[in-house]
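One structure is given here, and the rest of the page talks about it.
The values are calculated or read from the model by the stated rules, or taken from the named source; none is laboratory data. If you're wondering where the values come from, they're calculated on a predicted model, not measured in any experiment. No Cβ is skipped: glycine too gets one built from the backbone with ideal geometry, and neighbour counts run over all protein chains shown.
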Amino acid sequence: MLGFDPFRDMDRLASRLSNLPVPNGRTPAFMPMDLFRAGDHYILTADLPGVDPGSIDIGIDNNTLTIKAERTARSEDSVQWIASERFTGSFLRQLSLGDGIDTDGISASYENGVLTVTIPVADKAKPRRVQIRTGGDRTVVEPQAVAAS
């Protein structure tokens, strides 16, 4: 077991500057997630194993998506713990959403310890074709929807 941690003071300083709790063996430092675009929506998946689905809270305020969740510690007084390495406490993640997001269409599901948030792209941000007028005969070329890639 390492008695000296050269990064502990840096973690404490960074936590003080950002007003975040100092990570220790019992408090998670972050919520691991993936984010990708699939067609006309974004998909965010976050690992929250062992979290009660009722403790998950997703909110949107001023184009900021906030995900909060909590995993409570087991409180069994009659046992002798040999190892206790699983994180307990609150998880928090915030993402800044751009103007091209349909915030009313955001949906979420939680299955097998993974939270999936679907974030649709707003119609105004989807690719489209622009109408072009041609010279002499004033023929109008109608715009067509562009297939999302």
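Descriptive notes on the structure:
- Top-ranked residue in the range 58-91 [being loosely packed, with under 11 Cβ neighbours inside 10 Å and assigned to a strand (DSSP E or B); ranked as farthest from the chain's Cα centre (by Cα)]: D61
- Filter result (under 15 Å from the mean Cα position of the chain (by Cα), modelled with pLDDT of 90 or more and of a type outside the set (S, T, Y)) within the range 96-126: I106, A108, G113, V114, L115, V117, I119, P120
- Whichever residue in the range 48-83 is in contact (Cβ under 8 Å) with a residue 12 or more places away in the chain and among the small types (G, A, S) and, among such residues, is farthest from T103 (Cα to Cα): A73
- Count of the range 92-111 residues which are in contact (Cβ under 8 Å) with a residue 24 or more places away in the chain, surrounded by fewer than 11 Cβ atoms within 10 Å (Cβ to Cβ) and not in a loop (DSSP other than H, G, I, E, B): 1
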